[in-house]
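Accompanying notes for the structure given below.
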Number of protein chains: 2
Amino acid sequence: MLTIHHLGVSQSDRVVWLMEELALPYKLVWHTRGPDGLAPASYLALHPAATAPVVQDGDRMLCESAAIVDYVCHTYAGGALTVGPDRPNYYEYLYWMHFNNNILGLFFSRLALGEEANGVVAGMVQRREDGYARMVEQTLAGSPYLAGEAFTCADIMTLYCLRSVRMLGRRDNMPNARAYVDRLSQRPAYVKAMTIAGPTATPPAEA
Amino acid sequence: MLTIHHLGVSQSDRVVWLMEELALPYKLVWHTRGPDGLAPASYLALHPAATAPVVQDGDRMLCESAAIVDYVCHTYAGGALTVGPDRPNYYEYLYWMHFNNNILGLFFSRLALGEEANGVVAGMVQRREDGYARMVEQTLAGSPYLAGEAFTCADIMTLYCLRSVRMLGRRDNMPNARAYVDRLSQRPAYVKAMTIAGPTATPPAEA
């Protein structure tokens, strides 16, 4: 059984969502951020990179949520929620599996720049953000899910970006993204996962 | 035949490297950055996201280098240089295919913060950078390539990060990464690709 090392308010809620979609059993271990907002020492000891989430699979410690969700689907669910190279939408699946990290990179850049930034770097960030927003809107104008007609890991990866990251959330010109977020947020597995491990969930009381 | 829309000094040199490794034909179209360092209008018109590279495959315009290289290997080279879900190192392959965008996110954050930054965001960025550096060193201590015993797209994706991004380049405690970069930089396909489209290559004279 997989163990999800869950860092409060982090990307690790996506793996919980995946496990609920697949109806697979898992153990959840909470790690609470310190007063500095950073991961505690117990979390850093898990993995050399120690980004969130860290998932334990036997004696292997896995990092990087996009890699984890695809690996879990193939290893424990016969490839469900993935798209293989033999399918016409394989490229689209790959594109959206990578989209997430681009958005997070922009998010950190925004944090670093501050809200009122101008100048060359701010211009680069703004241009990227505009491009990504166009890409989301155009894609969702043509298909119900990001990789095509079916819900996949690409949706699990990207919903977090659309919900949690201010850069898209504060835009008022993304009607397709808003409708998509509203629709996916009602999936029973998502609702359950957010109750268990979402940004407003609280750790279980100590035994 | 694929057309690689190459933006000078960008990630698009990776697709050129891939095509040389696979000995596949391609057409290269140069787009030169404007005086502001940004992509020109001709480039922005290619794709809604318009990140570099953009690769044209028939009537499809492809973006996101990690997605492109994996897709090209499967579509035109029978899956060469990729690792499939049936292999024991599938997760490792996925991990390193995603690593690249994390490093670039940090790079933009560094640009945004400036060299002398302190504070919470700078602390988060530094911690991530330290973790990624540890991950690279530990992985290359145990295997010749990032995803294991064989050269794969994961190496093509990551070499750019190790060579071009200051955050790792300025560290003096990464002997494994340095040896790896030196070794991979001597691959004939890499040398040829950098001559054609690397950061110091120049566009062909107008006909």
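The values are calculated or read from the model by the stated rules, or taken from the named source; none is laboratory data. Just so it is clear, the model here is predicted, and its values are computed rather than measured. No Cβ is skipped: glycine too gets one built from the backbone with ideal geometry, and neighbour counts run over all protein chains shown.
Quick notes on this one:
- Checked against (1) modelled with pLDDT under 95; (2) over 16 Å from the mean Cα position of the chain (by Cα); (3) hydrophobic (A, V, I, L, M, F, W, C), A:A150 passes all but condition (1).
- Test result for A:A133, farther than 23 Å from A:E64 by Cβ and either within 9 Å of chain B (Cβ to nearest Cβ) or assigned to a helix (DSSP H, G or I) (or both): yes
- Candidate set: region B:61-91, residues that are in a loop (DSSP other than H, G, I, E, B) and within 9 Å of chain A (Cβ to nearest Cβ); chosen: the one surrounded by the fewest Cβ atoms within 10 Å (Cβ to Cβ): B:D86
- B:P53 vs. criteria crowded, with 18+ Cβ neighbours inside 10 Å and touching a strand residue (DSSP E or B) at 6+ places or on another chain (Cβ under 9 Å): yes
- Check on B:R128, within 26 Å of A:V72 (Cβ to Cβ), modelled with pLDDT under 95 and charged (D, E, K, R): yes
- Only listed residue being in contact with a Pro (Cβ under 6 Å, 6 or more places away or on another chain), under 27 Å from B:G34 (Cα atoms) and of a type outside the set (F, W, Y), chosen from A:R127, A:R134: A:R134
- Of the criteria (1) of a type in the set (S, T, Y); (2) under 20 Å from A:V125 (Cα atoms); (3) touching a Leu at 6+ places or on another chain (Cβ under 7 Å), which one B:S42 fails: (3)
- Some residue of region A:94-104 being more than 22 Å from B:P53 (Cα to Cα), aromatic (F, W, Y) and at the interface with chain B (Cβ under 8 Å from one of its Cβ atoms): no
- Among the candidates A:T152, A:T195, the residue that is hydroxyl-bearing (S, T, Y), buried (at least 19 other Cβ atoms within 10 Å of the Cβ) and either within 30 Å of A:H31 (Cα to Cα) or in contact with a Ser or Thr (Cβ under 6 Å, 6 or more places away or on another chain) (or both) is uniquely A:T152.
- Number of positions in region A:11-52 that are within 18 Å of the chain's Cα centre (by Cα), away from every other protein chain (no Cβ under 12 Å) and at pLDDT below 90: 2
- Every listed requirement among (1) in contact with a Leu (Cβ under 6 Å, 6 or more places away or on another chain); (2) more than 7 Å from chain A (Cβ to nearest Cβ) is met by B:A112 save one, (2).
- Meets criteria (among the basic types (K, R) and either within 16 Å of the chain's Cα centre (by Cα) or surrounded by fewer than 16 Cβ atoms within 10 Å (Cβ to Cβ) (or both)) for A:R171: yes
- Region B:1-10: number of residues that are at pLDDT below 90 and either outside any strand (DSSP E or B) or more than 18 Å from the chain's Cα centre (by Cα) (or both): 3
- Of the criteria (1) touching a residue at least 24 places away in the same chain (Cβ under 8 Å); (2) closer than 20 Å to B:P53 by Cβ; (3) of a type outside the set (S, T, N, Q); (4) crowded, with 19+ Cβ neighbours inside 10 Å, which one B:P203 fails: (4)
- Inside region A:87-117, residues that are modelled with pLDDT under 95 and farther than 17 Å from A:V15 by Cβ make up a count of 17.
- Positions within region B:105-120 being in a helix (DSSP H, G or I), surrounded by fewer than 19 Cβ atoms within 10 Å (Cβ to Cβ) and among the hydrophobic types (A, V, I, L, M, F, W, C), in sequence order: B:L111, B:V120
- Residues in region A:2-49 that are touching a Lys or Arg at 6+ places or on another chain (Cβ under 6 Å) and free of Cβ contacts under 8 Å to residues at least 60 places away in the same chain were compared, and the one that is surrounded by the fewest Cβ atoms within 10 Å (Cβ to Cβ) is A:T3.
- Residues in region B:11-37 that are in a loop (DSSP other than H, G, I, E, B) and under 22 Å from B:M157 (Cα atoms): B:Q11, B:S12, B:A23, B:L24, B:P25.
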